[in-house]
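Input: a single structure, listed below in structure tokens.
What follows draws every value from the coordinates through simple rules; no lab data is involved. As the structure is a prediction and not an experimental result, all values here were calculated from the model. Reconstructed Cβ throughout: ideal geometry from the backbone, glycine too, with neighbour counts over all protein chains shown.
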Amino acid sequence: MQSYQTMQLSRLKDPRLGPEVPSTKVLVADDSKSICDLLCACLADIHGIEPIKAGNLREVTEQLERHGAEFMCAVLDLNLPDAPDGEVVDYVRQYGIPIIVLTGSVNPVVREAMLQKQVIDYVIKGNPNEIEHVAYVVGRLYENQAVKILVVDDANSVRGYLEQLLKHYRYYTLSAADGEAALEILQQHPDIALVITDYYMPGMNGQELIQRLRKHYRREELAIIGLSDATHTGLSAMLLKSGANDFLNKPFEVEEFYCRVTQNTNMIGYVRQIREAAIRDFLTGAYNRRHLFELGETLYANARRGHIHLAAAIIDADHFKRINDQYGHQAGDTALKRIVQTLHANTRKADIIARYGGEEFVCLAVLQEPQQAAAVFEKIRAAIADIALNLHHSPVQITASIGVTLSLEEDLDTMLQRADKAVYRAKELGRNQVVCI
């Protein structure tokens, strides 16, 4: 499961991908204890997933009566002792829960039956590697709840069908009946990862919509899948040349649809992961020093123009070397993460939190009035001092000295140097205090 965690789960931390994931329980039904235990162990490795076991249809019924709609999905053995002919699939479907089927073998008859029952996937359970694949699919469903997809089609029936397919795979779905409405929705939801658009639409057709989108979004920022019937020769090439990432002929196989959607949302997710890694401190999740100056220069320029009041602060953890020496560097890492969490909890979204180096952090805070600075950073100092940290079953006190300045100086770097001088003054005065200069 390590490969899944490193490639996929970090995407859930990206706030641009959509709302928080609400559903975490997974029903696992198999009469083989070894398979059930192995699958549950794989699922438990996915942060937040709560597997719930059942060994037969009776236990499945009990769990559904107990938890019902709380289940994100269900992984079901097709041949349970008291449901030998797949009856469990029909029973669970009544609850509207996405289903992954475990089966001893797959043939065209079984495949067609599974597609008619609208199962998410079907897996031959004899190979242990396939059990890990099941966990991957569950992880996809868990992750998909935070991925936004926009469907654009003027036909209500087609639009509804595509939405149903996507929602069955747990995607966060939006829809538009024409190109203009699609552009408005994208303005309201700039974090949309994928647009699926038909070609034939009144007013603005699919090709024109794609061209409009590509003026604002690169292929690695927003994926686009074009849709149309297969009778229009050369249409797929035309849409791809206009900026589409992919193309599907109608009618399409549902399995192919899911594969293409997954490939394109994966691509967007990987790019976002890379970009986040480039701007974030790996340990704490705060912005790194380079990105601090990239973002900070904009705030600084606005402050120079008189548009905002900007305070620059350096927060330096007191006696941090003692924590590392006494409890180890892992304990020190925990303390740094808690400090960053506290900084985020006590600042506004417009403010910038960055790791400046070692145990030093920078906060660039936008203030309504300059005289607020002392109170704002005193609140932060007190919150850091209130951190309840236990290391090796011992309470550890964390405090920080904070240096603040509102003097813009000649550039942002010099402004931060002035804040650094204020930190040294706070240390000289006894630490665990705020000094404004």
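Where does the chain land at 222 nm, in deg cm²/dmol rounded to the nearest 500, when only DSSP H runs of n ≥ 4 count, each adding -39500 (n - 2.57), divided by all residues?
Values: 16 runs with 199 residues, N = 437.
Computed mean residue ellipticity for the chain: -14500 deg cm²/dmol.
Among DSSP beta bridges whose residues both lie in segment 51-196, state the antiparallel percentage, nearest 5. Can you show the working numbers first?
Details: 1 of 17 bridges.
In segment 51-196, DSSP labels about 5 percent of beta bridges as antiparallel.
What percent of all Cα-Cα pairs in segment 322-435 falls in each 10 Å bin, counting up from 0?
Reading upward from the zero bin: 13, 44, 33, 9, 1.
Given H placed on each backbone N at 1.01 Å, which residues far from Leu174 in sequence or on other chains put an amide H within less than 5 Å of it?
Ile149, Leu150, Val151
Return, for the Cα atoms of the chain, the radius of gyration and Dmax in Å, separated by a comma.
When restricted to Cα atoms, the chain yields Rg and Dmax of 26.8, 80 Å.
Need one number: nm distance between label points at Glu253 and Asn302, each 7 Å from Cα along Cα→Cβ, rounded to one decimal.
Going by the 7 Å Cα→Cβ label model, 5.1 nm.
So who's got an amide H within less than 5 Å of the one on Glu50, skipping anything under 5 residues away but keeping other chains? H placed 1.01 Å off N, in plane.
Lys25, Val26
Gain in length, Lys349 to Leu408, computed as 0.36 nm per residue apart minus the alpha-carbon separation, to one decimal in nm?
Working: separation 59, 0.36 × 59 = 21.24 nm, distance 2.14 nm.
Between Lys349 and Leu408, full extension yields 19.1 nm more.
Under a Cβ-Cβ cut-off of 15 Å, what is the net charge of the residues other than Ile224 that fall near it, where Lys and Arg count +1 and Asp and Glu count -1?
Numbers: positive: Lys148, Arg212, Arg214, Lys215, Arg218, Arg219, Lys241, Arg260; negative: Asp153, Asp198, Glu208, Glu220, Glu221, Asp246.
Net of charged neighbours comes to +2.
Along Cα→Cβ, 7 Å out, is where each label goes; now give me the distance between the ones at His291 and Lys337 in nm to one decimal.
In this crude spin-label approximation the distance works out to 1.7 nm.
In whole Å, how far is the Cα centre of segment 314-328 from that of segment 380-409?
11
Quick test of the membrane-span-like rule: which DSSP H helices of the chain reach at least 20 Å along their long axis (C-alpha atoms) with mean Kyte hydropathy at least -0.5? Don't jump to the answer; show the numbers that get you there.
Values: long enough: 128-144 (24 Å, -0.42); 254-279 (38 Å, -0.21); 289-304 (21 Å, -0.74); 329-345 (24 Å, -0.32); 412-428 (25 Å, -0.81).
Membrane-span-like by this rule: 128-144, 254-279, 329-345.
Among Leu367, Leu57, Leu239, which one shows the biggest mean-square fluctuation in a GNM of the chain, springs joining Cα atoms closer than 10 Å?
Per the Cα network of the chain with a 10 Å cutoff, Leu367 tops the list.
Using a Gaussian network model of the chain whose springs link C-alpha atoms within less than 10 Å, name the residue from Leu412, Leu166, Leu222 with the highest mean-square fluctuation.
Taking springs between Cα atoms under 10 Å, the residue moving most is Leu412.
Across segment 244-252, in residue order, what do the Karplus-derived ³J(HN,Hα) couplings come to in whole Hz, using 6.51 cos²θ - 1.76 cosθ + 1.60 with θ = phi - 60° and x for Gly and Pro?
Ordered by residue, 3J(HN,Hα) equals 5, 7, 7, 8, 10, 7, 9, x, 10 Hz.
Over 31 Å between C-alpha atoms is what I'm after, so list which of Lys53/Lys117; Lys148/Lys250; Lys25/Lys241; Lys25/Lys379 land there. Don't skip to the answer; put the middle values down first.
Numbers: Lys53/Lys117 22 Å; Lys148/Lys250 23 Å; Lys25/Lys241 43 Å; Lys25/Lys379 38 Å.
Long pairs (Cα-Cα over 31 Å): Lys25/Lys241; Lys25/Lys379.
At 7 Å along the Cα-to-beta-carbon direction for both Glu180 and Asp82, put a label point, then send me their distance in nm to one decimal.
Reported label-point gap for Glu180 and Asp82 is 5.9 nm.
Within segment 201-219, whose backbone N sits under 14 Å from a point 7 Å along Cα→Cβ of Glu276?
none
When Lys and Arg each count +1 and Asp and Glu each count -1, what net charge do the other residues less than 10 Å away from Asp316, Cβ to Cβ, add up to?
Details: positive: Lys427, Arg431; negative: Asp318, Glu359, Glu360, Asp420.
Neighbour charge sum, excluding Asp316 itself: -2.
Please give the net charge around Ile97, taking every other residue with its beta carbon less than 11 angstrom from that of Ile97, where Lys and Arg add +1 and Asp and Glu add -1. Don't skip to the answer; put the middle values down first.
Values: positive: Lys25, Arg93, Arg170; negative: Glu70.
Combined, the nearby Lys, Arg, Asp and Glu give +2.
Among the chymotrypsin sites (Phe, Trp or Tyr not before Pro) in segment 234-331, which ones are in a DSSP loop with at most 16 other Cβ atoms within 10 Å of the Cβ? Mind listing them?
Details: sites: Phe247, Phe252, Phe257, Tyr258, Tyr270, Phe282, Tyr287, Phe293, Tyr300, Phe320, Tyr327; in loops: Phe252, Phe282.
In loop regions of segment 234-331 (DSSP not H, G, I, E or B), the sparsely surrounded chymotrypsin sites (Phe, Trp or Tyr not before Pro) are Phe252, Phe282.
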